[in-house]
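Data first, discussion second: the structure below is written as structure tokens.
Each reported figure results from applying straightforward, stated rules to the coordinates on display, with no laboratory input. A quick note: this is a predicted structure, and the numbers were derived from the prediction, not measured. Glycine also receives a Cβ, built like all others from the backbone with ideal geometry; neighbour counts cover every protein chain displayed.
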Ligand code: SF4
Ligand code: SF4
């Protein structure tokens, strides 16, 4: 079987040539920049990879996939939380577009429990407020929100104009908190122009959640082996599936940041003994800060892909080091893999050797390569929409990343150990042991070292480049988002949305893996695209004439 | 319950908008610009807005929506977006080669106060706009109006930039179709050609946002009004503008700039509004109403007559955009339905309110503008439960909680297809709307009827 893969690789275009062809069309300045963002992958000895330019400004006029800091803060990180009431401070649009469109699922314990997710709230700023300031209206809006909803917490999200007209959402939050001492009120300076993409908003969100939410409540959950999952947003029910598995193994999941989550769980999240990180890009700041302040170690996991899920579970069990937990985890993995293997082999037969491309987000373009590998497909090109160099090259490059003006605008909190609440979870010796056994704390190896040589790694891929890739490689499937979906499909290549999952899922965990195999099978083997040609396209010559002419 | 926190009791809100019944101007401007042939809409601001607007339109149409952005960062927000736009224009023409770039502003560039006229002039002087190509702009501050206003503004800018009175009147009329679907635009053209009326219609998104699958992606599909057509609109002898909110500014500009007189009509949704449209076409163009159109009208009336019992007395609550709402209210009232509530977030003004009351009677509760949101709409629905709700996809949360059938109308519709392909305007559009209403009412009857009263023939 491996032969087929080798064969198809042999037929692949030369990545360096494709890159040259892409650059040829650009004005010189654009070409110079893109040359550093399009990298022909080469993994050298010791996981040494090429340097890629990432997290830099989007080029004006070039059709990008990227969104803004507000989207990263309100949409990505805070959006999935059901009981933090969220008010968008600004004109109506921003709040409208982030209203339920990300498909974060949530499940309250009962109908009586709060869930504000189906509500989009906005101060809907008008011209007068733009001129004279919107703080008064914001305060009034908070009054009204408290009266109507009685929330535990309120988050205020700034949109572009807010920063410019000089509204201070933080002082409003403080003032209103004094007025309503039972409500935790905090503001986010996530104006869309901050940074260069959604990424800036993740950082802003992490900071505020860290300073104003985590640690507000001293309430431990019952149970053993307590942990938080960071960077899992429960799109398509992924978090539900992960919860199911983790539960079965015997871990206690304290909270997920932020899929299917509640405020109280966030507020007491510092009581756990381990943080595991799914989406490194969007939440690594919080993991780092919680380690420094509370002493909670973190490592990277990946629940996308059956193998990756098994590996992550083993790592988590090994961390706690409990024999029973390890045994139970192994038992769960073995039993879950039975069904997974059956479907995987069946699907692999039909997908083996086909090509995939992935261009999304800050982690999925990496994670999902696992699932494709499991069914014998090869990722020939991939890249992130808003990631940084460390997501490509691994965290080891962080010290070498040049901090530019756009990044400097985002506050970097200086964090110290909490005198009362810092608690060593493992002794230094235990940590050393774990590290020796191969466990890598505070680390992420990035996408590039796991990709084949001569594949193309492209940061902030744009529409024109996607067109060239499609033409050159004719991939069996292209993974991206809603804006790319129908563009790619019009050219006869199925597109799988990896933000919204095309309104299906889950794809994480074991059940998710099965769902994804089946979904890819459906997409790459559909006959729909073979129907494009009508009979007359194949034989355009006119064979006959109208009967009555004869 | 999805909307479990919405209380029945109405309370005055001044500052907090909850579940808006409108969105911001640029998305309307972007949609309108896609109705120009070979045009690339461009959003002058941070990239987030553009990303949101493209996503919204893509979800609504399930079609490619191509648009670029000036991608402001903090620097541009301080020093102005001129450098970004100039660079953007250069990149756009080099990489994508459109005929027209239609720039709209965002809140950010509006607050900064970028002077688009001046920047475009500069681009011209610096040779960044290739010969024969055009860059146009419109201002779309979202702290005023709504997405409908944005559509109206961009349509007006088409006149400002392109339409010319050359002094020789042409035997054609202008049709400004309003913020309607590509399917509606195609239907309006069909009706006019059926009647033998020569016309220029802009914007025209038919063939752009409901394109075919051919195995080849076309960045600029075949549809859209050409620059030459819009230019010649200045020589037409009359303008019919459909929908006051979406089409009035463009019609007025044609009048003041090119001396083309205009008439503002309601959107031709339903029997009477279509009658008025057809009759106006007849009178202005001096043509007869052909038998084919009379036949369509007759069919529509036939179904109304035959199925009247299912409409009679049914209560309907409407949320959406003003031009659609007033026509819809009239049509439903003509069917002997009762329109209980009409809500729009667009500041449509007292004229709108009057028009709805004219159409559906004084008892209808009409709410428009600031604070008229879907939260309020839901509360009104709770207080006077209708048999049907008309609204966009977001209304489905209300429909499910209250167990009331939803007829999807307006923007956005994220969860069904049909609006791209089947019109709501004209007699045929009305017929389809009737069919949808009937199906909803009858499905409900089938679901709820006691076994002994379950009907075979309906
Ligand atoms: S900033 Fe303004 S233009 Fe941009 S999405 Fe928000 S409301 Fe719309
Ligand atoms: S206005 Fe700013 S915050 Fe709102 S969508 Fe646009 S870029 Fe994002």
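For the protein assembly as shown, DSSP calls about 10 percent of its internal beta bridges antiparallel.
Calculated on C-alpha atoms, the gyration radius of region B:210-275 divided by its Kirkwood radius gives an Rg/Rh of 1.12. Across the alpha-carbon set of chain B, the Rg to Rh ratio works out to 0.98, Rh being the Kirkwood radius. Using Cα-only point scatterers and the Debye equation, what is log10 of I(q)/I(0) for region A:69-193 at each q in 0.12, 0.13, 0.14 Å⁻¹, rounded to two decimals? Treating every Cα as an identical point scatterer, log10 I(q)/I(0) equals -0.40, -0.47, -0.55. Taken along its principal axes, the alpha carbon cloud of region B:215-330 reaches lengths of 50, 43, 30 Å, longest axis first.
With kT/(6 pi eta Rh) evaluated at 10 °C and eta = 1.306 mPa s, and Rh the Kirkwood radius from Cα pairs, region A:175-311 diffuses with a coefficient of 101 µm²/s according to Stokes-Einstein.
Here A:81, A:108, B:6, A:101 are placed in order of increasing Cβ neighbour count within 10 Å, fewest first, which gives A:108, A:101, B:6, A:81. Computed with the Debye formula from one identical point scatterer per Cα of region B:42-87, without solvent, the log10 of I(q)/I(0) at q = 0.18 Å⁻¹ comes to -0.54.
Calculated on C-alpha atoms, the gyration radius of region B:292-451 divided by its Kirkwood radius gives an Rg/Rh of 0.95.
Overall size of region B:90-129 from C-alpha positions, given as principal axis extents largest first: 30, 20, 14 Å. Entry note, chain A: the mean residue ellipticity at 222 nm calculated from DSSP H runs of n ≥ 4, each adding -39500 (n - 2.57), is -12500 deg cm²/dmol after division by the residues and rounding to the nearest 500. Give me the tail of P(r) for region B:170-265 as a percent: Cα-Cα pairs with distance above 15 Å. Looking at region B:170-265, the distances longer than 15 Å represent 61 percent of pairs. When all alpha carbon pairs of region A:490-545 are counted in 10 Å bins from zero, the resulting P(r) reads 19, 36, 20, 13, 9, 3, 0 %. Computed as a quarter of the hull surface, the mean projected area of the alpha carbon convex hull for region B:394-458 stands at 5.6 nm². In units of the rule-of-thumb radius 2.2 N^0.38 Å, region A:301-410 shows an alpha carbon radius of gyration of 1.37. Among beta bridges from DSSP that stay inside chain A, the antiparallel ones total about 15%. Sorted into 5 angstrom bins from 0, the C-alpha pair distances of region B:1-136 split as 2, 9, 18, 19, 17, 11, 8, 5, 4, 3, 2, 1, 0 percent.
For chain A, dividing the convex hull volume of the Cα atoms by the residue count gives 213 Å³ per residue. Taking a quarter of the surface of the Cα convex hull of region A:1-122 gives a mean projected area of 13.9 nm². Restricting the calculation to Cα atoms, every distinct pair contributes to the Kirkwood radius of region A:127-181, found to be 11.8 Å. For region B:292-451, averaging the sequence separation of C-alpha pairs within contact (under 8 Å, six or more residues apart) and dividing by the residue count gives a relative contact order of 22 percent. The angle between the Cα long axis of helix A:28-37 and the longest principal axis of the Cα atoms of chain A comes to about 80 degrees, rounded to the nearest 10.
Working note: Cα atoms of the protein assembly as shown, range along each principal axis, descending, whole Å: 94, 68, 67.
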